[in-house]
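Since the structure comes first, as structure tokens, the remarks are kept for the end.
The values are calculated or read from the model by the stated rules, or taken from the named source; none is laboratory data. On a predicted model such as this, the values are computed, not experimentally measured, just so you know. Neighbour counts run over all protein chains shown; Cβ positions are idealised from the backbone, glycine included. For accessibility, only protein heavy atoms count, side chains too; no ligands or nucleic acids. Shrake-Rupley method; radii C 1.70, N 1.55, O 1.52, S 1.80 Å.
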Amino acid sequence: MRISVIGCGYLGVVHAAALTELGHDVVGIDVDARKIQLLSAAHPPFFEPGLPEVLTSAMASGRLRFSTDIADAHGSQVHFLAVGTPQLAGSYAADLTYVNAAIDALLPQLSEGDLVVGKSTVPVGTAGRLAGLIEASGSGARLAWNPEFLREGFAVKDTLAPDRLVYGVGRVAVPGGRVARSERIETSSPGLDTAARSAPGLLDQHAVDILNEVYAKAVASGTPVVVTDYATAELVKVAANAFLATKISFINAMAEIAEVTGADVTQLADAIGYDTRIGRRFLNAGVGFGGGCLPKDIRAFAARADELGRGESVAFLKEVDAINLRRRQRVVDLVLEALNEEPHLKKVAVLGLAFKPNSDDVRDSPALDVAVQLHGRGATVVATDPEAIANASRLHPQLTFVADHIEALTDADVVVLVTEWAAYRELDPAALRARVRNPVIVDARNCLDATAWRAAGWTYLGLGRP
Ligand code: UGA
């Protein structure tokens, strides 16, 4: 199939390369000329394990190209929207500027039978509105919403072999009709139109068939496919991220209780995790969640629910956010306590800047936040990360960065591990003991062996651990 992917960020680039790998003919389009230049030379503009290999082989096949010109989308049968929806400045709501600009630019390029496929994370009701714009353009194109569940660090694998596919499609009045009128779900902002919501009509099989062809390999291998309406597809995405964020904040709330009772949150997580209804994954207490998705998605969900008059239904997400942010403060407080509340002229080594290992992404990173706060309190912060220094230093040039973690912790008064890269998890406490000025480690990811560190002469401070 000929496919365009609009937006070449973490999502779009991986998607474009993976679709090429699956045998399609793909053009990736972005307004950022520098990004397109890098991609055209098969250089990913960000760190993602496995992506350089897939990108190189996709470019070598001659079936993947990149462009800044939206006119290059013309002639594609499927157009994926993969632009960002960041948090709006001064608000919790999502900023739809890029989605709106992409659809405006794309409309003149659409032809009869084309399918526009939204992948961006959007407030519920957006797909219905965009379907209306596409229909009004008279091109005969249709819209589907196909949320993405990839995790950074595993993006290539998650894209090539997803654990489920969700197709949110419009409704058509005439079964099997060629260009049946779409009885779209109208969005009379701020709420959803009740009459349109219950409109009769069959789910758009044309869109389902196209998506099944795009994902033929995954479908053939038995990947579950959920075919649904736009609103459900949009909500599946934010509900999944809201659930994951809630799970993390739940265990971090237990860590807060453990801290005042002397209990051990890691053992607690192991014990409740044996219950398969609960499960152990995403129950790692620590400095909390960050990144370009979970924090802004739960805020945008709460903001959208408020607009819909159902704010109370997800009011708990504000608590989830608050617990999460308190954990960052807890790490800062532990470091300050270890410095006897006298951070001036004391060296704090910060191990990790990315929001999680195997990523160079520092968007809403708890690690970077902790480094910035400690710097603000007057400590001499020396931060390191295997991949994220360039991104972190662009945002916070006031911090001192060194590439080598051994150099970072040499003569440190406190070491704080904030992103659990393998290289940090495997540090040898005995060998490092002589390097630091004061052997205190704050393990903000609860990823070290406390007994081994204590045995090597360190003061070990975890989160929610005695
Ligand atoms: C998340 C979701 O996991 C993906 O399914 C989704 O597609 C993606 O957002 C998105 O919306 O695009 P991602 O942001 O890559 O993926 O990161 P996660 O692996 O979910 O981790 C998020 C944060 O939670 C990280 O800061 C991580 O350190 C933290 N975390 C995770 C914990 O603090 N504890 C845990 O037990 C697990």
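Structural remarks
- Global dimensions of the chain from alpha-carbon coordinates: Rg and Dmax equal 24.1, 76 Å.
- Between segment 317-373 and segment 1-77, the alpha-carbon center distance in angstrom: 35 Å
- Reach of Lys346 by Cα under 14 Å, taken over aspartates and glutamates that are not fewer than 8 positions away in the same chain: Glu337, Asp411, Asp413
- Principal-axis tilt of helix 205-214 within the chain, Cα atoms, nearest 10 degrees: 50 degrees
- Neighbour net charge for Val83 - beta-carbon separation under 13 angstrom, K R +1, D E -1: -3
- C-alpha long axis of helix 366-376 to longest principal axis of the chain, angle in °: 50 degrees
- Scalar couplings 3J(HN,Hα) for segment 407-424, obtained by applying the Karplus form with A = 6.51, B = -1.76, C = 1.60 to θ = phi - 60°, are 4, 4, 8, 4, 6, 6, 8, 9, 10, 10, 9, 10, 10, 7, 4, 4, 4, 7 Hz; x denotes Gly and Pro.
- With a Förster radius of 35 Å applied to the beta-carbon distance between Val226 and Thr261, the computed FRET efficiency rounds to 0.25.
- Carbon/sulfur fraction of accessible area - the chain, other protein chains in place, 1.4 Å, %: 55 percent
- R0 of 35 Å, Cβ-Cβ distance Ala423-Phe282: FRET efficiency to nearest 0.05: 0.90
- Taking the helices alone, the chain has a mean residue ellipticity at 222 nm of -12000 deg cm²/dmol, built from -39,500 (n - 2.57) per DSSP H run of at least 4 residues and averaged over all its residues.
- Here Phe250 sits with roughly 100 square angstrom of accessible surface, probe radius 1.4 Å.
- The HN-Hα couplings worked out from phi for segment 348-359 by the Karplus form 6.51 cos²θ - 1.76 cosθ + 1.60 (θ = phi - 60°) are 10, 8, 9, 9, x, 10, 5, 6, 6, x, 6, 8 Hz, whole numbers, x standing for Gly and Pro.
- Summarising the amide proton neighbourhood of Leu463: residues at separation of 5 or more, or on other chains, whose placed amide H is nearer than 5 Å comprise Asn446.
- Summarising the strand pairing of the chain, around 10 percent of its internal DSSP beta bridges are antiparallel.
- Segment 89-181: relative contact order in percent, alpha carbon pairs under 8 Å with at least 6 residues between: 24 percent
- Between helix 97-106 and the chain: long-axis angle, C-alpha atoms, 0 to 90°, nearest 10: 30 degrees
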